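Pasting a structure here, questions to come.
The values are calculated or read from the model by the stated rules, or taken from the named source; none is laboratory data. Treat the numbers as computed from the prediction; the structure is a model and nothing was measured. Positions of Cβ are generated from backbone atoms using ideal geometry, with glycine treated the same way; all protein chains shown enter the neighbour counts. Heavy atoms of the whole protein, side chains included, go into the accessibility calculation; ligands, DNA and RNA do not. Shrake-Rupley method; radii C 1.70, N 1.55, O 1.52, S 1.80 Å.
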Amino acid sequence: MIRHIVMFKIKDEFKDEIPQLVKNFYGMKGKIEGMLYLEAGADILGSERSYDLALITVFENRAAFDTYQTHPVHMPVKKRMHEVRCASVACDYEMP
């Protein structure tokens, strides 16, 4: 299994859109074959080191994760995140 974790900092002019961005993530749930788990949420602390949003997904294998990258359900979500983010970090790893 592959766990995919991404955190996003959102540009100031799009901060009001954060609840909708979370909904956009959840809109992918159950629609991408091989995606076993999806969790997303907005930061509640707002500290200096905080990111605004987090997305955690689990895929059954590397092939499913690779398919997700260009899946038609994922592409509009990915496109919007590229428009509204000023920074992002990710960690992808194999789970035992």
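List the trypsin sites (Lys or Arg not before Pro) within the chain that fall in a DSSP loop (any state other than H, G, I, E or B) and whose Cβ has at most 16 other Cβ atoms within 10 Å.
Sparse-neighbourhood loop trypsin sites (Lys or Arg not before Pro): LYS11, LYS29, LYS31, ARG49.
With unit charges on the beta carbon (Lys/Arg positive, Asp/Glu negative), name the residue among TYR51, PRO72, ALA40 whose Cα is farthest towards the positive pole of the charge dipole of the chain.
Result: PRO72.
Please give the solvent-accessible surface of MET7 in Å², to the nearest 10, using a probe radius of 1.4 Å with every protein chain present.
Roll a 1.4 Å probe over it and MET7 shows about 80 Å².
As a test of understanding, state the convex hull volume per residue of the chain from its alpha carbons, in Å³.
Here the figure is 95 Å³ per residue.
A follow-up question, please. Any chance you could look up the accessible area of ASP16 with a 1.4 Å probe, heavy atoms only, rounded to 10 Å²?
150
How high is the relative contact order of the chain, given as a whole-number percent (alpha carbon pairs under 8 Å, six or more residues apart)?
Relative contact order, the chain: 48 percent.
Could you sort SER50, SER88 by their accessible area in this structure, using a 1.4 Å probe and putting the largest first?
Listed by decreasing accessible area, they come as SER88, SER50.
Could you size up the charge dipole of the chain around its Cα centre, putting +1 on the beta carbon of Lys and Arg and -1 on that of Asp and Glu, and report it in debye to the nearest 20?
Dipole magnitude for the chain comes out near 160 debye.
For GLU83, GLU17, GLU60, give me the order by solvent-accessible area with a 1.4 Å probe, most accessible first, ignoring ligands, DNA and RNA.
Largest to smallest exposure gives the sequence GLU60, GLU83, GLU17.
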